[in-house]
Amino acid sequence: MEKYFDMRGMYADWEENNRLAMAACRRAGNQRGEAVMMRGIVYLNTRASTDISGQGLNQMYDGAVRLVEMFTALGHRKGMSDAIVMVSWALSATGQHAVAV
């Protein structure tokens, strides 16, 4: 649903959908599903942010680092690589290009 919500600017619906799905994943003990839903929320909060102070990028960085940890604990290499890209985006956007690479 991510692309559907994103293309239509339905950010509140997107966040609610992910939070409900994440809660269901937690109740079911589905750690991978929880990490995937959290990834959507981290991306959404950055995408929909109107913050120009850089705080949104700091939150993206913090969330992406947490996602790297979650996917690493699961041994999920695709999730790890996606989360590492998110870390890199946040670093690049704050001018930390060498660290991002």
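The values are calculated or read from the model by the stated rules, or taken from the named source; none is laboratory data. Because the structure is a prediction, the values reported are computed rather than measured. Ligands, DNA and RNA are stripped out before the accessible areas are found, and what is left, the full protein with its side chains, is counted by its heavy atoms. Shrake-Rupley method; radii C 1.70, N 1.55, O 1.52, S 1.80 Å.
A few comments on the model shown:
- For the chain, radius of gyration divided by Kirkwood radius, i.e. Rg to Rh on alpha-carbons: 0.98
- Accessible carbon and sulfur surface of the chain relative to its total accessible area, %, 1.4 Å: 55
- Per residue, the chain exposes 63 Å² of solvent-accessible protein surface, assessed with a 1.4 angstrom probe and all protein chains in place.
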